[in-house]
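Enquirer: Handing you a structure now.
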Amino acid sequence: MLKIENVSKSYDGKKKAIDTINLTIEPGDIYGFIGHNGAGKTTLLKAIAGIHSFDEGQIVIYDHSIKKKPLEAKKIMAYIPDNPDIYESLTGRQYIDFIADVFDIDLDKRNRLIDEYATMFEMTSVLNDPISSYSHGMKQKIVIMGALIHEPKVMLLDEPFVGLDPKASFLLKEVFNKMCEKGSLIFFSTHVLEVAEKLCNKVAIIKNGKIVTNGMTKDIIEDESLEHLFMELLKES
Amino acid sequence: MIYFKLVKVFFKENYSLKRLLGTNAKQSKLKTVLLSLLILYGLGSIFFSLGFLFFHLGEVFKQMNSLDSLLTYIFMYATFLSAFFVIIRASSYLFHYKDYDFLASLPIKNEVVVAAKTTVLLVMVYLSVYIFTAPIIFSYLYHGGFSIYRLIVILLSLLFVPIVPLIVFSFISLLFTYVLTRLGITKIFGLIMTFGLLLGFMYFSFSFNSASDNPFLNQEAFLDSISQYLPHVKLFFSAVVDQNFLSFIWFVLINLGLLFGYFYAVKDLTHKTNQNQTKTVRRKSNRNINHKQRSVTWTIIRKEFKKFFSVNIYVMNSGFGIVLMIIGGVLALVYKSDLQVMMVQFTGINAPVELIVLIMFGFLLSTVYTSAISLSLEGKNFWLLKSLPISAKKIMISKMYFNVILALPVAIITLFSISFALETEFLMVLIMLMVIVSFSLATSILGSIINLHFPKFEYKNETEVVKQSIGAFLGMFTGWIIIVLLGVAFYLLSDLMAHELIMLILALFNLTIFVLSYIYIDRKAESLFMNFS
């Protein structure tokens, strides 16, 4: 379980980028995190991933506080940034091997999973090419493969569908569903409201660093579309 | 171990042949050959120049029965080089590294990341330390009698000498960055500091007086006085001179202790500084900005100026000649009579004073090679220029103009200053001016052609383009080759006609290069641009 309790962070000591955020994400949840540009989505995701510190509150990942026990928390977590800017001198395979080594994945298992995901994402033929030769979408795929290789219990993704072709987007959604069936939880930010509406069982909408609404997707949108609700919430206050 | 895996990845990222060349070595044999030549030239010039000086110095020290003073040089050169590299690289390697977000999300201890990053930083330091101290070590062992024990102890000790400068100067670098960021004057102060460091190092390296046989002799007293206060130096001396193995062990243990203490001390600090990368100090300006519509050429030139002054290593390397010209111009006025005496000495080598002055200008202008690298420095933003409705020719010519505008005004002012000091005839000053202007135009446009043929868009740090790219190497050397050609032409024609006339011919030669290069860019730039992926 991922528990975010009263988390606040300010970059300049004045304005809060995220303000008293409270969210609980259960195993099996696909949790969509929606907000306008600069709302605080990436800040919260990076705080959960242990990349950014935060000023108040706590974030607990399966009983491990990201502040007190960051290594234990990170061992069961994967973070995929919005910009797949990774080591371009490495080949795709070398990159995944590096991640697998960090997470101590044995060779048989990693080979099996690499084969499986490379076939799924149609990356087999380019796996031994340098990442510098990859397109944006291919880089995104290799980062996703690196995240999946250690079968994380918690998956954090920042705009994961940006740059992916329709087939890869579809496959990623399939992967999300499979992971959730196995008990993982997925927390991702997105601008694509249709994706959030169809894919996520829960959503949270953030505006100017504060959660304006969150809960079961069907309860929140009721008879409206998520897009309609989102626009209404933006107009308010 | 994760440490070794990290080091392996960082090595590939920083030192792979593909990174150095900008493209695959197999696909670009010409670039591989040129890079090999560049390395050979660099190594050759260091070994020959320092080798000659220290070999001679070793002889002098041996006569004075103080050959061991060379050890102080080894120690201090290693320390200076380490300090220099650490101060310019510590920020990007330790405190503000670009892959922080990626690494921070992985379950790797901070101290392991710090150790791996430091290792990669130290590799560059070690390379320079071993290359620069090799001639001194050779001189020491040659004049003192070869000893395998001494050689091994010196070589091993050099692994540990950079640790103290690493610790001290990484903190100084961080402190500067922190204070100056808070004050909002990072770039300007950083530039002044780096230029100060470089000029200081040059002054130290070449400090001499006329009474001295060897320019390095004068540093001895300074170095000896420093060694009195550093216990490290004493242990190092004792380990090599007295062949005291215990001293060597102490030397190693103390440095290792300091290094591990450093890892422990900075592990949280690096975490914090990297986290704060997104935090920027924005200053509100009440100044009324006068927005203007400009021509495309001027817009590109303005952009080039902004880029130039925003990258320290760019200013330091391709702007150093300008700084030297300014210093030269001022000193010419202040030490007018000394300059006249010096030039009289030059005429003793059967070369006219004007030619010596022009050669000096030629060398200094050759060090301003922005046009040979500025296209590469577009890096990942190159798509923007390509997507805009600007012709490739206009881009390249604008970049050439920038190089000319950057160096030529300073060169002209310095020429007037030196001419005034040397009381050169006005007609000759005008002719020299023509040579300098035409030389600047020729080398600048050749730089543009070089960059068109040898671009390097893939890099992590601008240093790779400014210092280590083929464009930078050729950009500077092309100027030097032209100087040699002009010098040979002057020599061959000097018996046939007056110096003034020869110089006019040389200026014409430069202008011909400029015109032909301009035509080449006009015809080829567009197609070469299309080939860039």
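Enquirer: Let me know the shape class of the range B:72-189, please: from the alpha-carbon gyration tensor, a ≥ b ≥ c as square roots of the eigenvalues, rounded when a/c is under 1.5, otherwise prolate if a/b is greater than b/c, or oblate.
Expert: Oblate is the answer for the range B:72-189, as a/c is 1.5 or above yet b/c matches or exceeds a/b.
Enquirer: What is the gain in length, in nm to one decimal, between B:Leu508 and B:Lys306 on full extension, counting 0.36 nm per residue of separation less the C-alpha to C-alpha distance?
Expert: So the extension gain works out to 69.4 nm.
Enquirer: Give me the compactness ratio for the range A:109-176, meaning the Cα radius of gyration over 2.2 N^0.38 Å.
Expert: 1.04
Enquirer: Can you find, among A:Ile66, B:Ile482, A:Val126, the residue farthest towards the positive end of the dipole of the protein assembly as shown? Put +1 on the C-beta of Lys and Arg, -1 on that of Asp and Glu.
Expert: A:Ile66
Enquirer: If you don't mind, another one. Charges only on Cβ, +1 for Lys and Arg, -1 for Asp and Glu: so what's the dipole of the range B:349-455 about the Cα centre, in debye to the nearest 20?
Expert: 700 debye
Enquirer: I would also like to ask the following. Ordered by residue, what ³J(HN,Hα) values in Hz, to whole numbers, does the range B:423-431 give under the Karplus form 6.51 cos²θ - 1.76 cosθ + 1.60, where θ = phi - 60° and Gly and Pro are x?
Expert: Ordered by residue, 3J(HN,Hα) equals 6, 6, 5, 4, 4, 5, 4, 5, 5 Hz.
Enquirer: Work out the FRET efficiency for A:Thr20 and B:Ala265 from their Cβ-Cβ distance, taking R0 = 41 Å, and round it to the nearest 0.05.
Expert: The value I calculate is 0.75.
Enquirer: Also: So how far apart, in nm, are the two label points at B:Ile326 and A:Asn177 if each is 7 Å from Cα heading toward Cβ?
Expert: With each label point 7 Å from Cα toward Cβ, the separation is 6.6 nm.
Enquirer: Identify all aspartates and glutamates with a Cα-Cα distance to B:Lys336 below 15 Å; exclude those on the same chain that are fewer than 8 residues away in sequence.
Expert: Partners within reach: B:Glu423.
Enquirer: For A:Ser10, enumerate residues with amide H under 5 Å from its amide H, sequence gap 5+ or separate chain, H modeled in the peptide plane.
Expert: Residues meeting the criterion, in which the H sits 1.01 Å from N, are A:Ala17, A:Asp55.
Enquirer: What is the ratio of the Cα radius of gyration of the range A:154-237 to 2.2 N^0.38 Å, with N the residue count, to two decimals?
Expert: The value comes to 1.13.
Enquirer: How much length is gained if the chain between B:Val296 and B:Leu155 is pulled fully straight, taking 0.36 nm per residue apart and subtracting their Cα-Cα distance, in nm to one decimal?
Expert: Gain on stretching B:Val296 to B:Leu155: 45.2 nm.
Enquirer: Can I ask one more? So what's Rg/Rh here for the range B:42-109, counting alpha carbon atoms and using the Kirkwood radius for Rh?
Expert: The Rg/Rh ratio comes out at 1.29.
Enquirer: What residues qualify as long-range amide H neighbours of A:Tyr79, i.e. H under 5 Å apart, gap of 5 or more or another chain, H built at 1.01 Å from N?
Expert: Close amide H contacts, sequence-distant or interchain: A:Leu156.
Enquirer: Which of rounded, prolate or oblate describes the range B:1-142 when judged by the alpha-carbon gyration tensor and an a/c cut-off of 1.5?
Expert: The shape class here is oblate.
Enquirer: Can I ask one more? Over the protein assembly as shown, what portion of Cα pair distances is larger than 37 Å, expressed as a whole percent?
Expert: Value for the protein assembly as shown: 54 percent of Cα pairs lie more than 37 Å apart.
Enquirer: Per residue of the range B:490-507, in order, report the coupling 6.51 cos²θ - 1.76 cosθ + 1.60 (Karplus, θ = phi - 60°) as ³J(HN,Hα) in whole Hz, putting x for Gly and Pro.
Expert: Once θ is set to phi - 60°, the couplings for the range B:490-507 become 4, 4, 5, 8, 4, 7, 9, 8, 5, 4, 4, 5, 4, 5, 5, 5, 5, 4 Hz.
Enquirer: Further question on the same structure: Please work out whether chain A counts as rounded, prolate or oblate from its C-alpha gyration tensor, where a ≥ b ≥ c are the square roots of the eigenvalues and a/c under 1.5 means rounded, while otherwise a/b larger than b/c means prolate and anything else oblate?
Expert: prolate
Enquirer: For the protein assembly as shown, build the charge dipole from Cβ charges (+1 Lys, Arg; -1 Asp, Glu) around the Cα centre, then report which of B:Phe102, B:Asn14, B:Val240 sits farthest towards its positive end.
Expert: B:Phe102
Enquirer: Shifting gears a bit: Amide H neighbours of A:Thr91 under 5 Å, at least 5 residues apart or on other chains, H built in the peptide plane: list them.
Expert: A:Ile131
Enquirer: Please tell me which of these pairs span more than 31 angstrom C-alpha to C-alpha: A:Lys74/B:Lys460; A:Lys182/B:Lys267; A:Lys46/B:Lys467; B:Lys117/B:Lys307?
Expert: Beyond 31 Å between Cα atoms: A:Lys182/B:Lys267; A:Lys46/B:Lys467.
Enquirer: Something else: Can you give the calculated 222 nm mean residue ellipticity of chain A, where each DSSP H run of n ≥ 4 adds -39,500 (n - 2.57) and the sum is split over every residue, rounded to the nearest 500 deg cm²/dmol?
Expert: Per the formula, -11500 deg cm²/dmol.
Enquirer: About the Cα centre of the protein assembly as shown, how large is the charge dipole given +1 on each Lys and Arg Cβ and -1 on each Asp and Glu Cβ? Please answer in debye to the nearest 20.
Expert: 840 debye
Enquirer: Okay, moving on. Quick one: Karplus J couplings for the range A:157-167, per residue in order, coefficients 6.51, -1.76, 1.60, θ = phi - 60°, nearest Hz, x for Gly and Pro?
Expert: So the Karplus estimates, Gly and Pro as x, are 9, 9, 6, x, 8, 5, x, 8, 6, x, 5 Hz.
Enquirer: Show which aspartates and glutamates lie in cross-link reach of B:Lys394 when reach means a straight Cα distance below 13 angstrom and same-chain residues fewer than eight apart are skipped.
Expert: Qualifying aspartates and glutamates at Cα under 13 Å: B:Asp522, B:Glu526.
Enquirer: Work out the length of the dipole vector of chain A about its Cα centre, built from +1 on the beta-carbon of each Lys and Arg and -1 on the beta-carbon of each Asp and Glu, and round it to the nearest 20 debye.
Expert: The dipole magnitude comes to about 600 debye.
Enquirer: Another question about this same structure. Would you be so kind as to identify which of B:Met342, B:Phe305, B:Met434 lies farthest towards the positive end of the dipole of the protein assembly as shown, taking Lys and Arg as +1 and Asp and Glu as -1 on Cβ and the Cα centre as origin?
Expert: Value: B:Phe305.
Enquirer: On full extension of the chain, what length is gained from B:Glu500 through B:Ile481, given 0.36 nm per residue of separation minus the C-alpha to C-alpha distance?
Expert: The span from B:Glu500 to B:Ile481 would gain 4.6 nm if fully extended.
Enquirer: Longest exposed-loop-site-free stretch of chain A, with GluC sites (Glu not before Pro), DSSP loop and at most 15 other Cβ within 10 Å?
Expert: The longest such stretch corresponds to A:1-121.
Enquirer: What FRET efficiency comes out for B:Ile148 versus B:Ser36 if R0 is 35 angstrom and r is the Cβ-Cβ distance? Round to the nearest 0.05.
Expert: Step by step, r from the Cβ atoms, then E = 0.65.
Enquirer: Just to verify a number: FRET efficiency for A:Thr213 and A:Ser132, C-beta to C-beta distance, R0 = 30 Å, to 0.05?
Expert: That gives a FRET efficiency of 0.10.
Bear in mind these aren't lab numbers, they're just calculated from the coordinates by the rules spelled out. What you see is a predicted model, and the numbers here were worked out from it, not measured in a lab. So basically every Cβ, Gly included, is an ideal-geometry build from the backbone, and we count neighbours across all protein chains shown.
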